[in-house]
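The values are calculated or read from the model by the stated rules, or taken from the named source; none is laboratory data. These numbers come from a predicted model, not from an experiment. In this analysis, Cβ positions are derived from the backbone assuming ideal geometry, glycine residues included, and neighbour counts consider all displayed protein chains. Just so you know, the surface numbers come from the protein's heavy atoms only, side chains and all, with ligands and any DNA or RNA stripped out. Shrake-Rupley method; radii C 1.70, N 1.55, O 1.52, S 1.80 Å.
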Amino acid sequence: MAAMFTCCLGCCADGGSGHIPLKEMPIVQLDTHHMGTDVVIVKSGRRICGTGGCLANAPLHQNKSYFEFKIQSTGVWGIGVATQKVNLNQVPMGRDTNSLVLRSDGSVYHNNEEKNRLPANSLPQEGDIVGVTYDHVELNLYLNGKNMHCPASGIRGTVYPVVYVDDSAILDCQFSDFYHTAPPGFEKILFEQQIF
């Protein structure tokens, strides 16, 4: 009887469940360890304001990634992809080989060269949702769910979603629970351990 009681206590020492708790998967959000010195990140890592840029905390490892930004307040802003070598205090981005971004004026820049431009009369306004797809070669843009047919490429290496703001701009990031359905074949950003 005593042996059975001891065994029962030993089995229940973890709280009685008999299960080992799984490690909670991290959430993709803006990374406060990779942001400009005058950037403010709020809303659980989803909103950026201030001046400067910020990378997301997850690199784009999977083949086809999709993420969105909602323009809460207009000003100077940019969204796209960048390597960890990008200068997050430099606005606007797209001046070097470390970033490929859509700027608030509708131009898409990489290495200080305009790679493409949004169609006329398609500048994102306050309240608009800008979607970004990236497939390790080409970045493409969507405005309120509509493909802008504005591809751009040229960036190399491991890239992360990037966003920058200035002049009172405020942007919210959506890395899951999208406003619009991701284009066919594209999905939310996955951490490397989620891919395998």
Worksheet item: Could you count how many residues in the range 137-196 are more than 21 Å from Arg117 (Cα to Cα) and assigned to a strand (DSSP E or B)?
Response: 6
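With the requirement that a residue be in a strand (DSSP E or B) and free of Cβ contacts under 8 Å to residues at least 40 places away in the same chain, what does the range 32-56 give you? Don't jump to the end; show me each part of the working.
Looking only at the range 32-56, we keep the residues that are in a strand (DSSP E or B), and these are 32-35, 38-42, 47-56.
Hits for the range 32-56 are Thr32, His33, Val40, Ile41, Val42.
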Worksheet entry | Tally, over the range 12-43, of residues that are modelled with pLDDT of 95 or more, over 15 Å from the mean Cα position of the chain (by Cα) and either surrounded by 10 or more Cβ atoms within 10 Å (Cβ to Cβ) or not β-branched (Val, Ile, Thr) (or both) | 4
Worksheet entry | Counted residues, the range 133-150 - those being within 18 Å of Ala120 (Cβ to Cβ) and open to solvent by 50 Å² or more (accessible area, probe 1.4 Å) | 3
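Residue by residue, here is whether (1) touching a Pro at 6+ places or on another chain (Cβ under 8 Å); (2) of a type outside the set (Asp, Glu); (3) touching a residue at least 12 places away in the same chain (Cβ under 8 Å); (4) not in a strand (DSSP E or B) holds:
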| residue | (1), (2), (3), (4) |
| --- | --- |
| Pro59 | no, yes, yes, yes |
| Gln62 | no, yes, yes, yes |
| Glu68 | no, no, yes, no |
| Val81 | yes, yes, yes, no |
| Lys85 | no, yes, yes, yes |
| Asn89 | no, yes, yes, yes |
| Thr97 | no, yes, yes, yes |
| Tyr109 | yes, yes, yes, no |
Worksheet item: Looking only at residues in the range 80-116 that are in contact with an Asp or Glu (Cβ under 9 Å, 6 or more places away or on another chain) and of a type outside the set (S, T, N, Q), which one is surrounded by the fewest Cβ atoms within 10 Å (Cβ to Cβ)?
Response: Lys85
Item to complete: Could you check Leu123 against (1) over 25 Å from Ile27 (Cβ atoms); (2) among the hydrophobic types (A, V, I, L, M, F, W, C); (3) crowded, with 20+ Cβ neighbours inside 10 Å and say which number it fails?
Response: (3)
Discussion item. Please go through the range 153-168 and give me each residue that is buried (at least 16 other Cβ atoms within 10 Å of the Cβ) and either at pLDDT below 95 or more than 23 Å from Gln62 (Cα to Cα) (or both), ordered by number.
Written reply: Tyr164, Val165, Asp166
Worksheet item: Hey, does the range 56-65 have a residue that's in contact with an Asp or Glu (Cβ under 7 Å, 6 or more places away or on another chain), of a type outside the set (Gly, Ala, Ser) and within 13 Å of Cys173 (Cα to Cα)?
Response: yes
Discussion item. Can you say whether Leu171 is modelled with pLDDT of 95 or more, under 16 Å from Asp105 (Cα atoms), open to solvent by 10 Å² or more (accessible area, probe 1.4 Å) and of a type in the set (A, V, I, L, M), as far as the supplied structure shows?
Written reply: no
Worksheet, complete the sentence: In the set Glu68, Glu138, the lone residue that is in contact with a Phe, Trp or Tyr (Cβ under 6 Å, 6 or more places away or on another chain) and acidic (Asp, Glu) is Glu68
